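These notes concern the structure reproduced below.
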Amino acid sequence: MTQSRSFNVTPLVILALVALSLVLFAALVMTKAGDKSSAQSGAAVKQQSYRWRMVTTWPKNFPGLGTTAEEFASMVNEMSGGRLTIQVHGAGEIVPAMGVFDAVSSGSVEMGHGGAYYWRGKSPATQFFTTVPFGMNAQEMNGWLHHGGGLELWREVYEPFNIIPFAGGNTGIQMAGWFNKEINSLDDLKGLKMRIPGLAGEVFNRAGGTSVNIPGGELYTALQTGVIDAAEWVGPANDLAFGFHEVARYYYYPGWHEPGSTLEILVNKTAFQNLPDDLQAIVTYAARAANQDMLDQYTATNNAALKALVEEHDVQLRKLPDEVLAELKQMTEQVFIEQAEQNKMFARVWESYRDFQTKAGEWHEVSEETYYQARRSAADARNSD
C-alpha cells in the first residue's frame, strides 16, 4: 500500500516566497528604468550642441578659397540642424596665416582651412597632398585621395600632430604667375625673387631664382614695393580680385608648379572624436561637397576673368617656352629623388602618388587628351567651312 505524503507550508516559507517576489519585481523595475535612463542619456548626447572655430590661411571671404570655408560651415550648420556651428576666421583674425596648423594641432581651435604644402617643415611629405610640379590634375588628385590610398597616407602623416585632414577644395590647374619681364629662357629666371611655395620653390631655386612663401593677403604690396619680382597665386578669378594686373605686366601659363592644387580642411582629432557619429558623418560629407564645389566655381569663373585681364586691363598673356618647361621638369625629378633619399615617408608617399599618376595618365591619354584633340579638330573643321 502506497502512503501519500503531505507537506506543511510554514509561515517562514511564505515570507521567503513573498520576499523573493518583491526582489524580482524591484529588479525588473530598475532594469526598465535603467533602459529608459540610458535612452534618455543617449538622446541628450545626440542633441548636444557644439560650437567650433575654423581659422584659415586666406583673407576673410576671399573668392573661392575663403568662400569655400564659409560654405562648408554653412552646410554643416544646415545638415546638423544647428547642432554643430562653425565660425570661420580669416588669416590674422585669431592666428597668422601660417599659424593655422599649430592652432588646430594644439586644440586652441577645432578646425582650419589651408594648403598642406605650407607645412613641409612638419614633414616634407605634406607637399604631395596639395600639389607637386608636373603632378596630377584635380580629377586625378581626387581619384588618388579617395580611391587610391592617398587619404590614408595623408592621415598617417598628420597623426603625430593630432590632426585629421580632409580634402577641402581644388583650384584646378593654376597659372604660372605674374612677372614684370618676359621669360624666353631659363636664364631669365635667374636672380628673380618669386613667391612660389612647396616643392616648386625648390625647383625654382635650382633654376637660379629665390623662392619665398608669402601669404596671399601680402602679395600685392610685396609686388608693388619690389620685395618680390614675381608671384604665383591661383588663377584669373583670384588674381583679378587681388589686382595683380596693376603691379605686374606679364601673365604666364601653364601652371607647371600647381597642376591641381588640393586645399585641406584640418580637424583637431580630439574634437572630432568627441562628436557623436552623425555629426562626424556630416563633417566628412560636407568636406567632400566643398571639395568639389570649389573646383566647380573656378571652372565657371576663370575664363571670364582671364578675358577681362587681357581685354580690359591690357595684361600680356604668355606661354612659357617648351624648353623652359622641359628643363624645369628635369630639375623636378632630381628634387624628388633627393627628397626621397632623405625622408622615408616622402619616399612612401611619392611611390603611391607616382604609381597612381602613371596609371591615370595612361587612361587619360586614351580618353581626356584624345577627346580634347577631337573637339578642337571638329571646331577647326567647322570654322574652315
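The values are calculated or read from the model by the stated rules, or taken from the named source; none is laboratory data. This is a predicted model, so every value here is computed, not measured. Ideal geometry is used to build each Cβ from the backbone, glycine not excepted, and the neighbour counts take in all protein chains shown.
What the table shows:
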{"item": "Test result for Met75, of a type in the set (A, V, I, L, M, F, W, C) and crowded, with 24+ Cβ neighbours inside 10 Å", "result": "no"}
{"item": "Long-range neighbours under 7 Å by Cβ, at least six apart or interchain, first residue over 15 Å from Phe242 (Cα atoms) and surrounded by fewer than 20 Cβ atoms within 10 Å (Cβ to Cβ) within region 288-313, second at pLDDT 95 or above and of a type in the set (D, E, K, R)", "result": "Asp293/Glu71"}
{"item": "Enumerated strands (runs of 3 or more DSSP E) restricted to region 174-260, each holding at least 2 residues that are aromatic (Phe, Trp, Tyr) and under 18 Å from His313 (Cα atoms)", "result": "177-179, 250-253"}
{"item": "Scope region 103-154; condition part of a helix (DSSP H, G or I) and among the β-branched types (Val, Ile, Thr); matching residues", "result": "Val104, Thr126"}
{"item": "From the options Arg318, Arg348, Arg354, residue that is basic (Lys, Arg), touching a Phe, Trp or Tyr at 6+ places or on another chain (Cβ under 8 Å) and modelled with pLDDT of 95 or more", "result": "Arg318"}
{"item": "Residues of region 57-93 satisfying the condition of being within 15 Å of Asp293 (Cβ to Cβ), charged (D, E, K, R) and in contact (Cβ under 8 Å) with a residue 12 or more places away in the chain", "result": "Glu70, Glu71"}
{"item": "Filtered residues of region 85-102 (kept if of a type in the set (A, V, I, L, M, F, W, C) and either surrounded by fewer than 22 Cβ atoms within 10 Å (Cβ to Cβ) or touching a His at 6+ places or on another chain (Cβ under 9 Å) (or both))", "result": "Val88, Ile94, Val95, Ala97, Met98, Val100"}
{"item": "Evaluation of Gln342 against (1) surrounded by fewer than 11 Cβ atoms within 10 Å (Cβ to Cβ); (2) free of Cβ contacts under 8 Å to residues at least 60 places away in the same chain (one fails), failing number", "result": "(2)"}
{"item": "Restricting region 122-168 to residues that are hydroxyl-bearing (Ser, Thr, Tyr) and in contact with a strand residue (DSSP E or B) (Cβ under 8 Å, 6 or more places away or on another chain), the residue that is nearest to Asn268 (Cα to Cα)", "result": "Tyr158"}
{"item": "Tally, over region 59-75, of residues that are in contact with a strand residue (DSSP E or B) (Cβ under 9 Å, 6 or more places away or on another chain) and assigned to a loop (DSSP other than H, G, I, E, B)", "result": "4"}
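Residue by residue, here is whether (1) surrounded by fewer than 24 Cβ atoms within 10 Å (Cβ to Cβ); (2) over 12 Å from the mean Cα position of the chain (by Cα) holds:
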{"site": "Thr130", "(1), (2)": "no, no"}
{"site": "Pro133", "(1), (2)": "no, yes"}
{"site": "Met136", "(1), (2)": "no, yes"}
{"site": "Gly143", "(1), (2)": "yes, yes"}
{"site": "Ala167", "(1), (2)": "no, no"}
{"site": "Lys181", "(1), (2)": "yes, yes"}
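For every residue, the table says whether it meets (1) free of Cβ contacts under 8 Å to residues at least 40 places away in the same chain; (2) in a helix (DSSP H, G or I); (3) over 25 Å from Gly177 (Cα atoms).
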{"position": "Arg318", "(1), (2), (3)": "no, no, no"}
{"position": "Val324", "(1), (2), (3)": "no, yes, no"}
{"position": "Lys329", "(1), (2), (3)": "no, yes, no"}
{"position": "Thr332", "(1), (2), (3)": "no, yes, no"}
{"position": "Phe336", "(1), (2), (3)": "no, yes, no"}
{"position": "Arg348", "(1), (2), (3)": "no, yes, yes"}
{"position": "Glu351", "(1), (2), (3)": "yes, yes, yes"}
{"position": "Thr370", "(1), (2), (3)": "yes, yes, yes"}
{"position": "Ala379", "(1), (2), (3)": "yes, yes, yes"}
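Yes or no, residue by residue, for (1) at pLDDT 50 or above; (2) out of contact with any strand residue (DSSP E or B) (no Cβ under 6 Å at 6 or more places or on another chain); (3) of a type in the set (Lys, Arg):
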site	(1), (2), (3)
Ser4	no, yes, no
Asn8	no, yes, no
Leu24	no, yes, no
Met30	yes, yes, no
Arg53	yes, no, yes
Thr56	yes, no, no
Asn77	yes, no, no
Ser80	yes, yes, no
Arg83	yes, yes, yes
